[in-house]
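To start, the structure under review is shown below, and the notes come after it.
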Amino acid sequence: MRQLPVAMSLLGLVLLAVSCSHKAKEKKLGKEDFPLIQKYSTGAGDVFYFRPKDGQFVLVERRKALAVAIAPEPTIEVFSFDERITVSRKMTGSDALENKILLENIGAQQALAVTQNGHTLAGGDANGEVKLWSLVDGSLELQSDRKGAIQKLAFSPNGTFLAIGLAPPASDPPETLWIYDVQSRGPRQSFGRNSVQALAWSSDSHWYAAGLDDGSVLVGEADSSIEPRRIAVSSSPVVALSFHPSGLFLASAHADKRILISKVPPGEPVFTFEPPLPPSPLFPRGIEQVTFDASGARMAVAYADGDMRIWATSALSVPNQ
């Protein structure tokens with residue numbers, strides 16, 4: 001029995017050593033962990049998408065469109081203009097895209113989203129009206145009215161949910177983040193009071209994120225009725241979001257042209273990408289888009305002024321990060 005205190009002391013030393021070893025592995029990431037691997041100039045406002053079949057980021061010219069939505073496979077590019085929506089599809093037996101008018105005389109759709117399978121298109125206007133159309137024949141499948149202007153739309157990767165981001169009206173602001181169940185054709189959840197300027201889903205459709213004009217991000221679970229966690233990541237408005245494929249990290253791009261990597265769901269900061277050039281008043285959004293590739297090894301960023309950059313982000317896949 002007299003040996004018990006000694007044994008307990010040894011056990012305590014072992015646990016302490018394990019704890020210290022674990023903390024040592026949690027290396028703080030720095031600039032050297034995220035090297036810039038590519039940069040080039042594009043047209044102001046141009047966007048891009050990641051194409052899984054060949055692992056490339058593909059540039060898409062905006063063509064002065066109000067909004068753009070893309071389904072990578074099959075390749076479908078959708079553009080909204082003042083009174084029409086056009087669709088570019090990959091032609092059979094060719095890599096060329098054929099552009100056709102899908103809808104006319106429908107009013108300006110300032111937000112678009114398309115399901116990953118390319119079957120359904122969502123559009124939203126400044127009057128708070130959201131419509132879902134079939135991309136096969138342009139038929140109307142759903143119409144819903146909200147009280148604020150529609151600013152962003154995003155389908156979950158499995159096509160089950162549609163996230164809707166609104167600008168609050170001048171009086172009696174309603175919830176500005178809505179999660180719609182596409183199958184039941186009705187709202188599932190609604191939250192928030194701030195203007196929603198960016199939306200994103202994790203690759204498994206479990207997490208959703210909404211970027212707000214106060215610089216914070218709402219992160220929630222699609223299958224839960226619990227109010228999403230609010231993460232105060234910055235004081236600069238969020239303009240774009242992207243989940244890391246692991247679902248463990250979220251990239252938030254801000255109007256000050258900084259990109260912050262945070263852990264999901266706690267919101268613990270991981271790294272900040274500083275802007276290559278100072279923000280310009282000519283491009284108040286600062287950044288149009290941020291996207292990880294399918295493996296999470298690269299992150300591409302389209303700056304509003306036409307600068308596009310790709311960083312290596314494989315450091316986020318290291319265990320214990």
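Some points to look at:
- Crossing angle, helix 4-25 versus the chain [Cα axis fit, 0-90 degrees, rounded to tens]: 30 degrees
- Separation of alpha-carbon centers, region 146-202 and region 71-117, rounded to whole Å: 22 Å
- Mean Cβ neighbour count within 10 Å, used as a protection proxy, ranking 305-314, 153-162 highest first: 153-162, 305-314
- Summarising the amide proton neighbourhood of Ala304: residues at separation of 5 or more, or on other chains, whose placed amide H is nearer than 5 Å comprise Gly286, Ile287, Glu288.
- Greater than 31 Å apart at Cα, pairs in Lys100/Lys263; Lys64/Lys263; Lys28/Lys257; Lys53/Lys100; Lys147/Lys263: Lys100/Lys263; Lys64/Lys263; Lys147/Lys263
- Candidate cross-link partners of Lys39 among the aspartates and glutamates, defined by an alpha-carbon separation under 20 Å and a same-chain spacing of 8 or more, comprise Asp54, Glu61, Asp256, Glu274, Glu288, Asp293, Asp305, Asp307.
- Packing here is the average count of other Cβ atoms within 10 Å per residue, and on that basis the peptides 130-140, 59-69, highest first, run 59-69, 130-140.
- Cα convex hull volume per residue for the chain (Å³): 174 Å³
- A 1.4 Å probe run over the protein chains yields, for the chain, 49 Å² of accessible area per residue, whole-number rounding.
- Apportionment of accessible area to carbon and sulfur, the chain, percent (1.4 Å): 53 percent
The values are calculated or read from the model by the stated rules, or taken from the named source; none is laboratory data. Keep in mind that this is a model prediction, so the values were computed, not measured. Counting neighbours? That spans all protein chains shown, and the Cβs are built from the backbone with ideal geometry, glycine included. Quick note on the areas: whole protein, heavy atoms, side chains included, nothing else; ligands and nucleic acids left out. Shrake-Rupley method; radii C 1.70, N 1.55, O 1.52, S 1.80 Å.
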